[in-house]
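The values are calculated or read from the model by the stated rules, or taken from the named source; none is laboratory data. Being a predicted model, the structure only gives us computed values, none of them experimental. Positions of Cβ are backbone-derived with ideal geometry, glycine not excepted, and every protein chain shown enters the neighbour counts. The area values use the complete protein model at the heavy-atom level, side chains included, leaving out ligands, DNA and RNA. Shrake-Rupley method; radii C 1.70, N 1.55, O 1.52, S 1.80 Å.
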Amino acid sequence: MAAKIKKGDQVVVLTGKDKGRKGAVLKVLPTEGRVVVQGVNVVQRHTRPSQANPQGGIITKEATIHVSNVAHVDSNGKPTRVGFKVEGDKKVRVAKTTGDVING
């Protein structure tokens, strides 16, 4: 099945502690059905020193959020569902509220 949410999309959180917050999708995990959104669901992790992080300490990073809890933002800045339409020989994503083609 084609992906309705892709990396780089602007999304809004529908439920949870970050409800109403908007951000760009940084990473999509299709097998788990989860996405990582910039500035949303930020958690703190205690890490010990390693080669990659010689200092160690407390690191803040974005945790995953279920894909059903986010919605694509249309051109009006409102949450919208995503549909598909065939234009010519290409299958494109379409915003249900406005009917605009979502680039990407």
Original post:
Does ASN41 fit the bill of being surrounded by 11 or more Cβ atoms within 10 Å (Cβ to Cβ) and over 25 Å from ASP9 (Cα atoms)?
Top reply: no
Original post:
Residues in segment 7-32 that are under 11 Å from the mean Cα position of the chain (by Cα) and surrounded by fewer than 17 Cβ atoms within 10 Å (Cβ to Cβ): how many?
Top reply: 7
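With LYS85, LYS91, LYS61 as the choices, which residue is in contact (Cβ under 8 Å) with a residue 60 or more places away in the chain, open to solvent by 50 Å² or more (accessible area, probe 1.4 Å), on the phi < 0 side of the Ramachandran plot and among the charged types (D, E, K, R)?
On the way: LYS85 fails: in contact (Cβ under 8 Å) with a residue 60 or more places away in the chain; LYS61 fails: in contact (Cβ under 8 Å) with a residue 60 or more places away in the chain.
Every option except LYS91 fails the conditions.
Being in contact with a Ser or Thr (Cβ under 8 Å, 6 or more places away or on another chain) and in contact (Cβ under 8 Å) with a residue 24 or more places away in the chain is the requirement here; does VAL73 meet it?
When the stated conditions are applied, VAL73 passes them.
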**OP:** Take SER50 and decide whether it is open to solvent by less than 70 Å² (accessible area, probe 1.4 Å) and either on the phi > 0 side of the Ramachandran plot or without any contact (Cβ under 8 Å) to a residue 40 or more places away in the chain (or both).
**Re:** yes
Original post:
Taking the condition of a type outside the set (Lys, Arg), at pLDDT 95 or above, surrounded by 13 or more Cβ atoms within 10 Å (Cβ to Cβ) and in contact with a helix residue (DSSP H, G or I) (Cβ under 9 Å, 6 or more places away or on another chain), does VAL70 pass?
Top reply: no
